[in-house]
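The values are calculated or read from the model by the stated rules, or taken from the named source; none is laboratory data. Owing to the predicted nature of the structure, the values given are computational and were not obtained by experimental measurement. Here Cβ is always computed from backbone atoms with ideal geometry, including for glycine, and neighbour counts include all displayed protein chains.
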Amino acid sequence: MPDAADLRAAFVEGMSRAATFVAVATTDGDGGRAGVTVSSLTSVSADGDMPSLLVCINRQSPAATAILQNRAFCANLLAESQQGIANLFAGRSETNRAERFDQVSWGVGDLGQPILTGATAAFECRLATALLWETHHIIVGRVSAVRLSGNASALLYGQRAYRKAIHLTEDS
């Protein structure tokens, strides 16, 4: 059995090989306006009272704290052309957290949550539940509205780089 450091390194390398789509979780309300780039966004169910999705955010992120306090958020699925926005909300620029929204075009959804202009899809959510699991909050939202852009090409992240999906033929 590998030691903890070796297991962690193998886990991180293994997960880097899984391409995931890139999203920015945004929130606004009494808990403040915040946003963070995430690659751990997934649907939970399209059925039930309302569709639901989950997002995992590091517990030290101000965005996680704000989402929990605001009890609402928007999961903005980024388009292929939005690498700069992904980097901005991931903290890979000199822009401080408070000025991130000044660097992008955005609107306000029905729940008062920031919707990033040009996102391929934006899912406005009310917080359903959250669980602190070790270093991350697992946040489940009930989707109250979905906005789709004319651009269906989502930005992906895999093998430690941004990617785009291409259609494979059966011969590929």
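Taking the condition of being surrounded by fewer than 19 Cβ atoms within 10 Å (Cβ to Cβ) and in a helix (DSSP H, G or I), how many residues in the range 54-72 meet it?
4
Go through the range 73-88 and give me each residue that's buried (at least 23 other Cβ atoms within 10 Å of the Cβ) and farther than 9 Å from residue 24 by Cβ.
73
Out of the residues in the range 121-144 that are among the aliphatic types (A, V, I, L, M) and in contact with a Lys or Arg (Cβ under 8 Å, 6 or more places away or on another chain), state the one that is surrounded by the fewest Cβ atoms within 10 Å (Cβ to Cβ).
Only one residue tops the list, namely 132.
Would you mind finding the one in 37, 65 that is over 20 Å from residue 155 (Cα atoms) and within 17 Å of the chain's Cα centre (by Cα)?
Unique residue meeting the criteria: 65.
Do we find a residue being free of Cβ contacts under 8 Å to residues at least 60 places away in the same chain, in a helix (DSSP H, G or I), out of contact with any Leu (no Cβ under 6 Å at 6 or more places or on another chain) and of a type in the set (Asp, Glu) anywhere in the range 99-115?
Within the range 99-115, one or more residues are free of Cβ contacts under 8 Å to residues at least 60 places away in the same chain, in a helix (DSSP H, G or I), out of contact with any Leu (no Cβ under 6 Å at 6 or more places or on another chain) and of a type in the set (Asp, Glu).
What about residue 142, is it touching a Pro at 6+ places or on another chain (Cβ under 8 Å) and closer than 20 Å to residue 108 by Cβ?
yes
Conditions: (1) surrounded by 11 or more Cβ atoms within 10 Å (Cβ to Cβ); (2) at pLDDT 95 or above. Residue 30 meets all but one. Number of the miss?
(1)
Any idea which residue in the range 89-120 is surrounded by the most Cβ atoms within 10 Å (Cβ to Cβ), counting only those that are under 13 Å from the mean Cα position of the chain (by Cα) and within 21 Å of residue 161 (Cβ to Cβ)?
89
Looking for whichever is under 17 Å from the mean Cα position of the chain (by Cα), of a type in the set (A, V, I, L, M) and not in a strand (DSSP E or B) here; the options are 1, 15. Which one fits?
Just one listed residue meets the conditions, 15.
Just checking, how many residues over the range 51-80 are hydroxyl-bearing (Ser, Thr, Tyr) and in contact (Cβ under 8 Å) with a residue 40 or more places away in the chain?
1
Among 48, 35, 29, which is the only one that is in contact (Cβ under 8 Å) with a residue 24 or more places away in the chain and part of a loop (DSSP other than H, G, I, E, B)?
Going through 48, 35, 29 in turn, the sole match is 29.
Just give me the residues in the range 129-171 being within 22 Å of residue 83 (Cα to Cα) and part of a loop (DSSP other than H, G, I, E, B), in sequence order.
Passing the criteria: 149, 150, 151, 152, 153, 159, 160, 165, 166, 167.
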